[in-house]
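Visitor: Starting off with a structure, shown below.
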Amino acid sequence: MTNTLLKLEQINTHIEQFHILHNVEFEVSPGEVTVLLGRNGAGKTTTLRTIMGLNNASNGTVTFKGEDITKLPPYHIAKKGIGYVPEDQGIFYGLTVGENMRVGMRKEDDATKERMEWVLELFPDLKKFWKKPGGQLSGGQKQMLSIARSYVNENDLLLIDEPSKGLAPVIVEKVIESIEKMKEKTTVVLVEQNFYMASRLGDRFYILDDGMTVHHGDMSALREDEELKRKYLGIA
Amino acid sequence: MIKTIQKSTWIYIAVAFMLVLLPFFKDERWFLFLMIQVFTFGIFAMSYDLLLGYTGIVSFGHAMFFGLGAYSIGITLNFLESTFMNLFLGILLALVLGGIVAFFAGILTLRLKSHYYAMLTLALASLFLVLAEKWRSVTRGSDGFTFRIPELPGPLQDHRNLVVYMFCLVSMVLIFFGLRRLTESPLGKILVAIRENEGRVESLGFRIMPYKVIISVVSGVVASFAGVLYAISIRFVGTNVFGIDVTLDALLMTIIGGVGTLVGPIIGAGIIEFAHHYLSDLSDVHWIFERWIILFGIVYILAVIFFPAGIVGTLWHKLAKRKHKKQEMKQKTSDKLAS
């Protein structure tokens, strides 16, 4: 496939003595939302962290826009155009909402300011709590801040790790709506346990099990495949 | 556009002004000397706060910069003529040496994680201590040496302690406002982010090493200047300036005053210096007061358990909570009115 934004080939990752990822492979096309599915401990977060350079791949290749980024440090990978929203949101508690947003900005050009305005329209709560410390935000607000911060830079790809985790259903709905709007502007790799959210947002899916890619395809096909959902995702 | 001056700035200016007036009401020698120590160690503790409070770096070797500053000015004025030109040269030498050593120490050690870094800085400071002890021809070893500071013109010479007091006070105030500006700048915010989560900052696209080295150099230069003031105030330099207890003092002042507040370490310096003075005086009452550091050990343990944010930190948290509650109430009222 020539039209590939991100490609993982034979990725193996060890964390200390544990072999977490075993020959993980997947591809992401521009403009799509690719969802990584799988049970707890399947290796989804480690896959995102390996792409981001936060965990080093023992072997295999991560290619982004045709360039091998496997051995690059995280700051270099981020500058290539990959934004990362971690599972724990990664908010700096000692900084206000505004400072969190500004720390996330690598440039202060017109395009960045435009994106900042757009993202603040998408999450009006952030504007309201601009001077509030990150540590005092609710779980949903933290999640919105984390997603918003990853968007202010000119990123071609966003890696979003379990954005619905620990959030009330009303807030999950808001997060889904915001990611729906963001996917019009950027490519997304989403790790999600909540199948409702995954199926609403995803165009393609990959299922990870025990650190291996065991299945992939179009999300529309997975919605209909009860056997696959039961076997790998525990959905009855 | 004229920037509005923060309310806290007016408070700090008012306190500084009161400190300017203080010697005119209480001009005893011992008191002036004690206050000079407070200002000197206040500057030193602020430099430590830059590392610990703003960047999350724990150093056990911060005394090396303090010692470098003290020895630079001492050796310069001991070997050269005691003139203002040479005094200036000694200060410049101290700042440059402090910066260079901090730069190389930073590059060598800041890649290491927490306790490994702390241990390596301790080793580096010990190296300087050994150097000061063994290079007797220059440092006079563990005996140390006294040196002369330039004579002040005219009647000022009769009020030399007052001049040193004012010089130390003005230095502390200027350094405080300078560092506050630095910590409130975008660079300062990135430092706070590094303290909270290095990995997160890296994945936002920032290489953290240069930021750590920059703050290490700033901290080293400020600590070195504190060493200069210390040496000038006592006109003597001994190997004790490289001792671990100098670093521990800074740690204690920062933690008791409030980590990551800048003004906290100054208050911490005041508490420790005054407590040191008054507790030592009580040694006639009971021998335990001769070992006042034991009492401080207990205070330190209690502070960490009950006031982990220190005096200023605890006060700020309480004020922030009150402000937050007020804002919430205001929001609720306006929501009710709107509905």
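Visitor: Ignoring ligands, DNA and RNA, what percent of the 1.4 Å accessible area of the protein assembly as shown is carbon and sulfur?
Guide: Here it works out to 61 percent.
Visitor: I would also like to ask the following. For B:Arg235, what charge total do you get from the other residues with a beta carbon under 13 Å from its beta carbon, if Lys and Arg give +1 and Asp and Glu give -1?
Guide: Summing Lys/Arg as +1 and Asp/Glu as -1 gives +1.
Visitor: Along each principal axis of its Cα atoms, how long is the range A:89-154 end to end? Whole angstroms, biggest number first, please.
Guide: 30, 20, 18
Visitor: Consider just the alpha-carbon atoms of the protein assembly as shown and return their Rg together with their Dmax, both in angstrom.
Guide: 28.8, 97
Visitor: Using a 1.4 Å probe, what is the accessible area per residue for chain B, in Å²?
Guide: 52
Visitor: Over the Cα atoms of the range A:10-144, each weighted equally, I'd like the Debye log10 I(q)/I(0) at q = 0.12, 0.21, 0.22 Å⁻¹, rounded to two decimals.
Guide: Treating every Cα as an identical point scatterer, log10 I(q)/I(0) equals -0.61, -1.28, -1.32.
Visitor: Among DSSP beta bridges lying fully in chain A, give the percent that are antiparallel, nearest 5.
Guide: In chain A, approximately 55 percent of DSSP beta bridges are antiparallel ones.
Visitor: Can you give the Rg to Rh ratio of the range B:34-153, both from alpha-carbon atoms, with Rh computed by the Kirkwood formula?
Guide: Ratio of gyration radius to Kirkwood radius: 1.01.
Visitor: Residues with beta-carbon under 12 Å from that of B:Ala63, excluding B:Ala63: net charge, scoring Lys, Arg +1 and Asp, Glu -1?
Guide: -2
Visitor: Compute the Cα gyration tensor for the range A:127-174, then decide on rounded, prolate or oblate, letting a ≥ b ≥ c be the square roots of its eigenvalues: rounded whenever a/c is under 1.5, prolate when a/b is larger than b/c in the other cases, and oblate in all that remain.
Guide: The shape class here is oblate.
Visitor: So what's the angle, to the nearest 10 degrees on a 0 to 90 scale, between helix B:7-25 and the longest Cα principal axis of chain B?
Guide: Roughly 30 degrees between the two axes.
Visitor: Another question about this same structure. Under a 1.4 Å probe, what is the accessible area of the range A:97-172 per residue, stated in Å²?
Guide: Spelled out: the 1.4 Å probe surface of the range A:97-172, per residue, equals 43 Å².
Visitor: Nearest 10 degrees, 0 to 90: what angle lies between the long axis of helix B:263-281 and the longest principal axis of chain B (Cα atoms)?
Guide: Roughly 50 degrees, rounded to the nearest 10.
Visitor: Another one. Once Rh for the range B:254-322 is found with the Kirkwood sum over Cα pairs, what is the Stokes-Einstein diffusion coefficient at 25 °C and 0.890 mPa s, in µm²/s?
Guide: 193
Visitor: So which of B:Lys26/B:Lys189; A:Lys128/B:Lys336; A:Lys183/B:Lys212; A:Lys142/A:Lys231; A:Lys80/B:Lys212 end up more than 29 Å apart, counting from Cα to Cα?
Guide: Where the Cα-Cα span goes over 29 Å, the pairs concerned are B:Lys26/B:Lys189; A:Lys183/B:Lys212; A:Lys142/A:Lys231.
Visitor: OK, next. How many Å² of accessible surface get buried when B and A come together, counting both sides, probe radius 1.4 Å, rounded to the nearest 100?
Guide: Interface area, both chains combined: 1700 Å², rounded to the nearest 100.
Visitor: Indicate the residues belonging to the range B:182-198 that lose 50 Å² or more of solvent-accessible heavy-atom surface (probe 1.4 Å) upon moving from the chain alone to the assembly of all protein chains, ignoring ligands and nucleic acids.
Guide: B:Lys189, B:Glu196
Visitor: Over the Cα atoms of the range B:26-306, Rg to Rh with Kirkwood Rh, two decimal places?
Guide: In the range B:26-306, Rg relative to Rh is 0.97.
Visitor: In addition: Which residues of the range A:68-83 end up with at least 40 Å² less accessible area in the presence of all protein chains than when their chain stands alone, using a 1.4 Å probe?
Guide: Residues passing the criterion (a loss of at least 40 Å², heavy atoms only) are A:Tyr75.
Visitor: Okay, moving on. How far is helix B:244-257 tilted, in degrees, relative to the longest principal axis of the Cα atoms in chain B, given as a value from 0 to 90 rounded to the nearest 10?
Guide: Roughly 30 degrees, rounded to the nearest 10.
The values are calculated or read from the model by the stated rules, or taken from the named source; none is laboratory data. Keep in mind that this is a model prediction, so the values were computed, not measured. All Cβ positions, glycine included, derive from the backbone under ideal geometry; neighbour counts span all protein chains shown. In case anyone asks, the SASA skips ligands and DNA or RNA and just uses the protein heavy atoms, side chains included. Shrake-Rupley method; radii C 1.70, N 1.55, O 1.52, S 1.80 Å.
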